[in-house]
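Participant: Take this structure first; my questions come after.
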Number of protein chains: 2
Amino acid sequence: MRIAFIGAGRLATNLAPALKVAGVQVMEVWSKTQASAEALAARVGCNASWGQVERATQDAEMYIISVKDTALPEVIRHLHEGRENALFAHTAGSLPLSLFRDAGHERGAVFYPLQTFSKERAVDFGAVHFFLETSREEDFELLKSLAERLTTPAQIHHSTSATRRWLHLAAVFACNFGNHCCTVADDLLAEASVDFRVLLPLMDEMVAKLHQLPPREAQTGPAARRDENVMGMQRAMLTDRPDLQQLYTLLSNSIQQYDQL
Amino acid sequence: MRIAFIGAGRLATNLAPALKVAGVQVMEVWSKTQASAEALAARVGCNASWGQVERATQDAEMYIISVKDTALPEVIRHLHEGRENALFAHTAGSLPLSLFRDAGHERGAVFYPLQTFSKERAVDFGAVHFFLETSREEDFELLKSLAERLTTPAQIHHSTSATRRWLHLAAVFACNFGNHCCTVADDLLAEASVDFRVLLPLMDEMVAKLHQLPPREAQTGPAARRDENVMGMQRAMLTDRPDLQQLYTLLSNSIQQYDQL
């Protein structure tokens, strides 16, 4: 199956080379700018195209569209002409499969790897769960065989658009908000001229624990043990940072609410 | 050096056996209740005492006091008599060294391992940073040699009480609040009947990234890329959960504020 990537962002930068290594024929990378199209195409060893999305190859059998969520409907519409029979798959957690039919394209699919991607790190797809959905039943096997090049069958799931939205929202809380809590920690450590890296063993242990205990049972800290002394003192330390003080209060209350359920 | 543990909670349950394995003479574990004193003493292979804290051994050279923060001043006061020359060390992140002198005990110390402890998991102390402080300069080497039984010299730090408070607050954000974000995620996945464990590769990658990039640079997600469409949709999904909706809004705003700094 000949595949073209539409978009050269963080997800495509991880996925396209991984598919290539797994023996899949990635024939082209398109991006809005020449620089990013050529950068990823060079890593994959394939053709690059850029500018209007209509300029992408018409020869691919499958287009993996990994662009900004807001741009997606427009991109599908422009890509459709001349590629009416190709399989289009987007990679977004929160966008429905119905986007494709709404934009006039019949063979739509979702190929959603539940992971956080950076250009600086190569993700190990062997540990990634994939959530797949297709407009046509017969295309599901195609998508599945693609995912099987990268990960184990147990980590490949069929998922409706409704389920995928909850998955994405849960991932935002766990990973995006979890990472942001570390950004705040980094900022607070600067107050004491301490390097953030002293917290790494703590974060390693937090996640190791999650492999063993449900997060609610793994919860520790002043809020979980209802240590009002420490909580009062910590709130007072944030007097000059009302934004962080509000976060502290809200998150502590939330910990205690869940604890009562 | 003969050591007694005052308290048999999560921290003591990890620290006492680790010290014993490292060749330190842990002679007794005291706890308020007989059951928990005996449980930990059995694991360490030492004497157990319980009830009033005055009933703890008077023969130890060092007492590691690991009790609830609120109970600490009272415990020091009651322990002091008959143990005037012993070294007392507490293990709390947010309590000052001055507690000991305030309670009438001269040789005070803080032995703070920056880690999250559960009774269900044995922590690897070789990866833990220790923050130490002593009332008397000559006791610092004693404390340091104790920490050196467990971890590498590069992970042993002198820290004032003021610095330690910031360390603890940062750890609350990174680890306690980070873990709570996973509790919320677990709850949201229940809406879609999905097992929390599908998020584990994501959490593994989030933390692996922190070893490589500062958290602010590792930030991904709808708030970081200012995807108002997805954010609006995700807020709407939380309409029935105003507590989580408020958290979502506050954390997303905070991500965007840090991004502008």
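Participant: Residue by residue through region A:210-261, note down the ones that are out of contact with any helix residue (DSSP H, G or I) (no Cβ under 7 Å at 6 or more places or on another chain) and of a type in the set (Gly, Ala, Ser).
Facilitator: Result: A:GLY232, A:ALA236.
Participant: What are the residues in region A:202-259 that are among the polar types (S, T, N, Q) and surrounded by fewer than 20 Cβ atoms within 10 Å (Cβ to Cβ), if any? Reasoning before the result, please.
Facilitator: Let us first name the residues in region A:202-259 that are among the polar types (S, T, N, Q), namely A:212, A:219-220, A:229, A:234, A:239, A:245-246, A:249, A:252-254, A:256-257.
Correct list: A:GLN212, A:ASN229, A:THR239, A:GLN245, A:GLN246, A:THR249, A:ASN253, A:GLN256, A:GLN257.
Participant: Residues that are under 25 Å from B:ASP259 (Cβ atoms) and within 8 Å of another protein chain (Cβ to nearest Cβ): find the helices (runs of 4 or more DSSP H) completely inside region A:114-205 holding 2 or more of those.
Facilitator: Working: elements: A:137-148, A:161-171, A:178-191.
Here the list reads A:161-171, A:178-191.
Participant: Within region B:246-257, does at least one residue satisfy the condition of being within 27 Å of A:PRO201 (Cβ to Cβ), facing another protein chain (nearest Cβ under 7 Å) and touching a Phe, Trp or Tyr at 6+ places or on another chain (Cβ under 7 Å)?
Facilitator: Taking every residue of region B:246-257 in turn, at least one turns out to be within 27 Å of A:PRO201 (Cβ to Cβ), facing another protein chain (nearest Cβ under 7 Å) and touching a Phe, Trp or Tyr at 6+ places or on another chain (Cβ under 7 Å).
Participant: Can you give me the number of residues within region B:206-245 that are assigned to a helix (DSSP H, G or I), over 29 Å from the mean Cα position of the chain (by Cα) and at the interface with another protein chain (Cβ under 7 Å from one of its Cβ atoms)?
Facilitator: Matching residues across region B:206-245 total 5.
Participant: While we're here: Take the conditions more than 22 Å from B:HIS157 (Cα to Cα) and not charged (D, E, K, R) and apply them to A:MET233. Does it pass? Working first, answer last.
Facilitator: Numbers: more than 22 Å from B:HIS157 (Cα to Cα): yes; not charged (D, E, K, R): yes.
Spelling it out, A:MET233 is indeed more than 22 Å from B:HIS157 (Cα to Cα) and not charged (D, E, K, R).
Participant: Also, I was wondering about something else. Just to be sure I understand, how many residues within region A:124-149 are surrounded by 20 or more Cβ atoms within 10 Å (Cβ to Cβ), farther than 19 Å from A:PHE88 by Cα and aliphatic (A, V, I, L, M)?
Facilitator: The qualifying residues number 1.
Participant: Name the residue, out of A:ALA18, A:ALA12, A:ALA39, that is within 20 Å of the chain's Cα centre (by Cα), more than 13 Å from A:ILE64 (Cα to Cα), in the same structural domain as A:ARG149 (by TED's automatic domain parsing) and not acidic (Asp, Glu). Walk me through how you get there before you give the answer.
Facilitator: Working: A:ALA12 fails: more than 13 Å from A:ILE64 (Cα to Cα); A:ALA39 fails: within 20 Å of the chain's Cα centre (by Cα).
Of A:ALA18, A:ALA12, A:ALA39, the one residue that is within 20 Å of the chain's Cα centre (by Cα), more than 13 Å from A:ILE64 (Cα to Cα), in the same structural domain as A:ARG149 (by TED's automatic domain parsing) and not acidic (Asp, Glu) is A:ALA18.
Participant: Is it fair to say A:LEU189 is surrounded by fewer than 19 Cβ atoms within 10 Å (Cβ to Cβ) and within 30 Å of A:LEU244 (Cβ to Cβ)?
Facilitator: On the way: surrounded by fewer than 19 Cβ atoms within 10 Å (Cβ to Cβ): no; within 30 Å of A:LEU244 (Cβ to Cβ): yes.
No; evaluated as a whole, the condition is false for this residue.
Participant: Here's another thing I want to ask about it. Regarding region A:90-109, can at least one residue be identified that is part of a loop (DSSP other than H, G, I, E, B), within 14 Å of chain B (Cβ to nearest Cβ) and over 21 Å from A:TRP166 (Cβ atoms)?
Facilitator: If we filter region A:90-109 for residues that are part of a loop (DSSP other than H, G, I, E, B), which is where we start, we get A:91-97, A:103-107.
Of the ones still in play, those that are also within 14 Å of chain B (Cβ to nearest Cβ) are A:91-96.
Still in the running and over 21 Å from A:TRP166 (Cβ atoms): none.
The answer is no; no qualifying residue exists.
Participant: For a quick check of your reading of the model, give me the residue pairs whose first member lies in region A:111-131 and is closer than 11 Å to B:LEU199 by Cα and assigned by TED's automatic domain parsing to the domain that holds A:ILE65, whose second is acidic (Asp, Glu) and outside any loop (DSSP other than H, G, I, E, B), with beta-carbon atoms closer than 9 Å and at least 6 apart or on different chains.
Facilitator: Cβ pairs passing all conditions: A:GLN115/B:GLU205; A:THR116/B:GLU205; A:ALA127/B:ASP204; A:ALA127/B:GLU205; A:VAL128/B:GLU205.
Participant: Given the criterion in contact with a Gly (Cβ under 7 Å, 6 or more places away or on another chain) and outside any loop (DSSP other than H, G, I, E, B), identify the matching residue among B:ARG43, B:ARG77.
Facilitator: On the way: B:ARG43 fails: in contact with a Gly (Cβ under 7 Å, 6 or more places away or on another chain).
Checking each option against the conditions leaves just B:ARG77.
Participant: Any idea which residue in region A:61-84 is nearest to B:MET231 (Cα to Cα), counting only those that are among the charged types (D, E, K, R) and surrounded by 19 or more Cβ atoms within 10 Å (Cβ to Cβ)?
Facilitator: If we filter region A:61-84 for residues that are among the charged types (D, E, K, R), which is where we start, we get A:61, A:68-69, A:74, A:77, A:81, A:83-84.
Subset that is surrounded by 19 or more Cβ atoms within 10 Å (Cβ to Cβ): A:69, A:83.
Details: A:ASP69: 11, A:ARG83: 32 Å.
Among them, the one singled out is A:ASP69.
Participant: Which count do you get for residues in region A:25-40 that are buried (at least 23 other Cβ atoms within 10 Å of the Cβ) and not in a strand (DSSP E or B)?
Facilitator: First, pick out the residues of region A:25-40 that are buried (at least 23 other Cβ atoms within 10 Å of the Cβ): A:26, A:29-31, A:37, A:40.
Applying the additional criterion that residues be not in a strand (DSSP E or B) yields A:37, A:40.
Qualifying residue count, region A:25-40: 2.
The values are calculated or read from the model by the stated rules, or taken from the named source; none is laboratory data. Quantities reported herein were computed from a predicted structural model and do not represent experimental measurements. Cβ atoms come from the backbone with ideal geometry, glycine included; neighbour counts cover every protein chain shown.
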